[in-house]
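Here is the structure we will look at.
The values are calculated or read from the model by the stated rules, or taken from the named source; none is laboratory data. Predicted, not measured: the structure shown is a model, and the values here were computed from it. Reconstructed Cβ throughout: ideal geometry from the backbone, glycine too, with neighbour counts over all protein chains shown.
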């Protein structure tokens, strides 16, 4: 579900933030303005010379026909010589403004990406992949369109319009002042309809985010949809979102078109009035025919400048909700605490958890974890069991620093996270989960992700430890085989092997195994458990498992129930407790296995 954009009034407004990014490219901005000025200066003489040509050449009774033909040739030659100059300035102005626009948008994209990597996991949970991908694509494309219009068309139109207006005020102040009457009426119209346009654009933005989220789910769940034969249901869900997006887009477009027509009507009436007044002045001998034709030709540049403002307003109406969402992201305080630590700290893996309580940010429910107290020596292997939602994965997320406790503290080798720093802590942690994430890259790159600076030989050594080298070498291109999106070209067991090789390469002090074998068959699980034994030797290891066979060699088991640890001890001891939770779980699995 989409969340409405909430903009803190104390923040820098989105348009001002965009201008700050534009100013960060002073050389490109300066060159763009320079060439746009000369583009303007080389354009006005074309129309200004029309008055000279009509009054001083065509309608000049003192000139003979040969003289008129001679001056006509001079006029044509002057145009031919001026056009290449104007064309060069135009292309250079466009090139510089394009450089400015693309550099600005690239900087904005980098800011968004950098900020996303600093955000806490709760932010991603709240926003969802659809809304975030919508910001990175649709929203930024609209911002780029608006920016290109502003620095290219608007600047040129304003310079030409302003220069032309000054010229017209000098030639005929009365007609020029009359032409300016359209501006305040158009501005008033924009103010009257601005609120409705803004609301319609925001509604369209939210509908787009909902549709993007649905598309992400639709593609990710395609296998499940096809396996259940629910293509019609999935299509109907998407159809409702498509219809909503269509309707909101239609309403926003029609509203903008009515606004455009209103602005255009005002100018058309003003033009008709100018022709009437100018014609009356010509008939009374107060303006020459050449000046009238040139004036009405040049007034088109003033109109172009004013219409460019409306085009910019229309473009900004579409880009503004997205830019507000981007500003909200850039100014968000939902950040991970990447403390800057001056010295390296050796993390051995001993963990102390004292009086920890946790509830998810912005959640009003009861705490997910309560009164958690643990003393975990370095190198101990710990199993975590309990019903779904009991708090097992949440505790691991706290240990990995994805969230901070609402109360209590977690120490690593006696140090708080603020003393170690998140980045330094995570260099010593690796996770292997049920759904091993594989990038759409080569096998080599996927394994090397565990330690980006590793050599090819070190990657192959890690693959051998994970018993992945043999099947990787059998792939069509060996280690250069592209795995496909989320590893779609590999089997589930192969994905887990590559993920395990990644962990071996990382060589962490703390290992988190979150249901690593639950999606595998019994034979594959047995082979993987042997490799996991080798991986976990001498490392602090947390194993979340519903298959209790995965916990066969753990030193200790933590049994969770409703956010609390209700049992803690060696597996053999817990199995000997009559009526205990762990024993009951074992008995249930034994019954299922026998059945």
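Do we find a residue being assigned by TED's automatic domain parsing to the domain that holds residue 422, part of a loop (DSSP other than H, G, I, E, B) and either at pLDDT below 85 or farther than 27 Å from residue 395 by Cβ (or both) anywhere in the stretch 521-534?
yes
May I ask you to say which residue of 436, 430 is surrounded by 17 or more Cβ atoms within 10 Å (Cβ to Cβ), under 16 Å from residue 506 (Cα atoms) and modelled with pLDDT of 85 or more?
430
The conditions are (1) modelled with pLDDT of 80 or more; (2) on the phi > 0 side of the Ramachandran plot, and residue 332 fails exactly one of them. Which is it?
(2)
Here is a check on your reading of the model: is residue 405 touching a strand residue (DSSP E or B) at 6+ places or on another chain (Cβ under 7 Å), part of a loop (DSSP other than H, G, I, E, B), farther than 28 Å from residue 575 by Cα and modelled with pLDDT of 85 or more?
In short, yes.
When you scan the stretch 276-295, how many residues do you find that are over 14 Å from residue 182 (Cβ atoms) and in contact with a helix residue (DSSP H, G or I) (Cβ under 7 Å, 6 or more places away or on another chain)?
11
Quick check: is even one residue across the stretch 214-235 crowded, with 17+ Cβ neighbours inside 10 Å, over 16 Å from residue 316 (Cβ atoms) and at pLDDT 75 or above?
yes
Checking the condition modelled with pLDDT of 80 or more and under 26 Å from residue 437 (Cα atoms), which residue from 538, 569 passes? It would help to see each step written out before you state the result.
Details: 569 fails: under 26 Å from residue 437 (Cα atoms).
Of the residues listed, the single one that is modelled with pLDDT of 80 or more and under 26 Å from residue 437 (Cα atoms) is 538.
Identify the residue in the stretch 546-566 that is at pLDDT below 85 and in a loop (DSSP other than H, G, I, E, B) and, among all such residues, is nearest to residue 394 (Cα to Cα).
The selected residue is 546.
Please name all residue pairs, on different chains or six or more residues apart, with Cβ atoms under 9 Å, provided the first residue is in the stretch 285-299 and is outside the structural domain of residue 167 (by TED's automatic domain parsing) and more than 10 Å from residue 171 (Cβ to Cβ) and the second residue is at pLDDT 75 or above and not in a helix (DSSP H, G or I).
Short answer, once both residue conditions are applied: none.
What pairs come out if I take residues in the stretch 432-459 that are at negative phi and pair them with residues that are surrounded by fewer than 14 Cβ atoms within 10 Å (Cβ to Cβ) and in a loop (DSSP other than H, G, I, E, B) whose C-beta lies under 7 Å away, six or more apart or interchain?
440/484
Suppose we filter 49, 62 for residues that are in a helix (DSSP H, G or I) and assigned by TED's automatic domain parsing to the domain that holds residue 298; which single one remains?
When all the criteria are applied, what remains is 49.
Could you check residue 465 against (1) at pLDDT 85 or above; (2) within 27 Å of residue 424 (Cα to Cα); (3) surrounded by fewer than 19 Cβ atoms within 10 Å (Cβ to Cβ); (4) in contact with a strand residue (DSSP E or B) (Cβ under 7 Å, 6 or more places away or on another chain) and say which number it fails?
So residue 465 meets the others, but not (4).
Under the condition of being part of a loop (DSSP other than H, G, I, E, B) and surrounded by 19 or more Cβ atoms within 10 Å (Cβ to Cβ), which residue from the stretch 379-402 is nearest to the chain's Cα centre (by Cα)? Walk me through how you get there before you give the answer.
To start, the set of residues in the stretch 379-402 that are part of a loop (DSSP other than H, G, I, E, B) comprises 379-380, 387-391, 400-402.
Applying the additional criterion that residues be surrounded by 19 or more Cβ atoms within 10 Å (Cβ to Cβ) yields 390-391, 401.
Numbers: 390: 34, 391: 31, 401: 24 Å.
The extreme case among them is 401.
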